[in-house]
1. How many residues are in a helix (DSSP H, G or I) and either touching a Pro at 6+ places or on another chain (Cβ under 8 Å) or surrounded by 20 or more Cβ atoms within 10 Å (Cβ to Cβ) (or both) if we restrict to segment 269-293?
2. Given T83, T105, which one is assigned to a helix (DSSP H, G or I) and under 26 Å from A326 (Cα atoms)?
3. Is it the case that P227 is more than 15 Å from the chain's Cα centre (by Cα), within 26 Å of A125 (Cβ to Cβ) and not in a helix (DSSP H, G or I)?
4. The conditions are (1) over 18 Å from A138 (Cβ atoms); (2) modelled with pLDDT under 85; (3) among the aliphatic types (A, V, I, L, M), and V69 fails exactly one of them. Which is it?
5. Within the set of pairs 6+ apart or on separate chains, which have a first residue in segment 170-184 that is under 15 Å from P61 (Cβ atoms), a second that is among the small types (G, A, S) and at pLDDT below 80, and C-beta atoms under 9 Å apart?
6. Just to be sure I understand, how many residues within segment 132-170 are in contact with a helix residue (DSSP H, G or I) (Cβ under 7 Å, 6 or more places away or on another chain), closer than 22 Å to A66 by Cβ and modelled with pLDDT of 85 or more?
7. From (1) part of a helix (DSSP H, G or I); (2) within 30 Å of A85 (Cα to Cα); (3) touching a Lys or Arg at 6+ places or on another chain (Cβ under 9 Å), pick out the condition that doesn't hold for H213.
8. Hey, could you check segment 51-72 for residues that are surrounded by fewer than 17 Cβ atoms within 10 Å (Cβ to Cβ), hydrophobic (A, V, I, L, M, F, W, C) and touching a residue at least 24 places away in the same chain (Cβ under 8 Å) and say which is farthest from G148 (Cα to Cα)?
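The values are calculated or read from the model by the stated rules, or taken from the named source; none is laboratory data. Every value quoted in this text rests on a predicted model; they were computed, and no experiment measured them. Ideal geometry is used to build each Cβ from the backbone, glycine not excepted, and the neighbour counts take in all protein chains shown.
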Amino acid sequence: MEDRLRALLEFDLDRVDLRSGLVGLVGVAAAIVVVAAFGTAGMTAGLAVLFVLAADSPGAPRERVAGVVVMTVLGAVVAALATWAGTDHVGLATLLTAGITLVATLAAGFGSAWATRGVLLALWAVVALSVAGAGQSALELAAAYVIGGAIATVILWLRERSRAESDGGPPPDDSPTPTLAQIVRSPLGLFSLLRAGAVGLATVLGIELFPEHPIWAALTVLLVLRPSPGDSLETGILRTLGTLVGGLAAVGVIAVAGGSDAVVVVAFCVAAFAMMALKNVNYAVFVLFLTAVLVLMQELLGADATTAAEQRLLATLLGAGIAFAALWIGLRLVPRDTADPRAGSN
């Protein structure tokens, strides 16, 4: 544990990626243009492309196709359910995020590929609550997600077609697959319940305490709470530090700008570039610039950026606290030497 804490502020400068920074800057600019042109539906389609692409992983072709189909169909269903529930209906919103988190976490028992897809689907369930509050119908958002999933499928097909000419593909995975009953009875089953309960609690408190940004606390729980206590502690500390420094930096830039939109726009672009260029250097650095992007965006939209920075920090602290409490409960109920190795993949 001491080694982990000592490594928190280590920065791997060899992993600076200027190309990813440029891609990130262009991506943020493109997202702004898409949202301005197509509204929430355009945002949903763009997010669908990102989620489906991120859900793909090496493996047998049949499993990869199944993963794309699952992410597209279930993502569309989640978009529709989130629109129907909305953050105005706290009970429905909580049931949505907790239920999907439970099922998605159990998916980790079927292997690392499904663990990744499960986490992404749980993240989308939380994000969709925010996206769904912009006046689009459930059918429109579901259709937008399907369109985004179809675009992602074409991108994946083109990418794999080019790779197939020089690569025979990965070997098939012949490892035995556990049954759902075995997964439910394993430590992963308990962890799934704890994570679902923690996300549900964070959803309720986030809606009640931070109505303008109701998903930040639940997102923190999903990203911080992991089967490994060390990973959870490290991620929680780094996320909190990054949020604190990023919020202070953004508010400082806004104060120095003195009402100049040009200065804020330049700072926003620098933060968007650095967010992706430095994402692998240290997690706190990535969160720092992500927070700066979100706070500066609030300023450009005419909202209260200082309040947004304060609420993001408080929501992060709340989410991390809930995650640590759930982890503490889990450690009391399940001996650490019985941890499910597959659960560590998400």
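1. 17
2. T105
3. yes
4. For V69, the failing item is (2).
5. Pairs that qualify, where the first residue is under 15 Å from P61 (Cβ atoms) and the partner is among the small types (G, A, S) and at pLDDT below 80, are P170/G59; P170/A60; P172/G59; P172/A60; D173/G59; D173/A60.
6. Residues meeting the conditions: 9.
7. All conditions are met except number (1).
8. Residue satisfying both the conditions and the ranking: A60.
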